[in-house]
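The values are calculated or read from the model by the stated rules, or taken from the named source; none is laboratory data. These numbers were taken from a predicted model, which means no experiment stands behind them. Using ideal geometry, Cβ is built from the backbone for each residue, glycine included, and neighbour counts are taken over all protein chains shown. Surface areas here come from the heavy atoms of the whole protein model, side chains and all, with no ligands, DNA or RNA. Shrake-Rupley method; radii C 1.70, N 1.55, O 1.52, S 1.80 Å.
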Amino acid sequence: MLVIHLSDAHLCANPGLMLGVDTEASLRAVVDQIHREHCDADLVLATGDLSQDGSDASYRRFARMVGELGLPVRCLPGNHDAPAVLARALGNWAKPVTDVGAWRVITLNSTVAGSNGGHLDRQQLELLDTAAASAGPRPVLVALHHNAVPMTPDWHDTMMLDNATELFRHLGRWRNIRLLLWGHVHQEFDRRRGNMRLLATPSTCFQFTIRDGRHRLDTSAPGYRWLKLYPDGSVATGVRRLDARAWEAMLQGWAQFEADQAA
């Protein structure tokens, strides 16, 4: 099974620039690249912050662009999303448990109203246990928005999942859970924890990095992650980004637009 992971599109009701990036144009460029490279995927998985303002118009715009791929889609909310609006606008795309090929995909809602940080409440942890228990021999992919581990050892992350220890305790009950996937961090991440792979993916717009113990913008190009999931639970994965020179040209064009608007 081939899964495409998208995250953190940050669309708005009224398109414009955010941190120097036209988030709608950058999502369009990433979707076009997916169409060229992986139009045969079995599922697109979008892990939150689809919207910056939680507006119905932003979700309709996301649905229109991603829907052009003609692929099944599953998504979950992030800290900038409005979960109820997302669920109403995207309908079946927000379904939390999906069997695709030999695998089960479980999406969790880690959002906390009014907070950029994340938390999984009892209902979400029970959903995880129930769906993992009923998966039978299927390998399981679990997705959420907030990162469950810090991105670097020298970074005190106040916006990550605040009950990650509890999450890992639940994940450890089920040997069939092979992947934990998140968004939120706007950067690539790949680690192992026991028999689980922990993965994060670049945003479809602007990127972040940690340097010298500080959170900083990164000019790396946006992109997506592909995952080949095999029936025995093994995984092959990689990140694909927009062409660096093409991305630099886009950034320069937006910077010029901002300068012209300010003049």
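Among beta bridges identified by DSSP and lying wholly in segment 95-150, the antiparallel ones come to about 55 percent. Let me have the relative contact order for segment 143-263, percent, based on Cα pairs under 8 Å that are six or more residues apart. Relative contact order for segment 143-263 comes out at 17 percent. With the helix formula -39500 (n - 2.57) applied to DSSP H stretches of n ≥ 4, the chain reaches a computed 222 nm mean residue ellipticity of -9000 deg cm²/dmol.
Identify the trypsin sites (Lys or Arg not before Pro) of segment 137-234 meeting these criteria: DSSP loop state and at most 14 other C-beta atoms within 10 Å of the C-beta.
Qualifying residues, ordered by number: ARG173, ARG175.
Compactness of segment 1-51 was expressed as the Cα radius of gyration divided by 2.2 N^0.38 Å, which yields 1.23.
The distance linking segment 1-20 with segment 183-232 is 15 Å (Cα centroid to Cα centroid, whole angstrom).
Measuring with a 1.4 angstrom probe and ignoring ligands and nucleic acids, GLU68 comes out at about 100 Å² accessible. Using a simple spin-label model with pseudo-atoms 7 Å out from Cα toward Cβ, ALA113 and ASP42 lie 3.8 nm apart.
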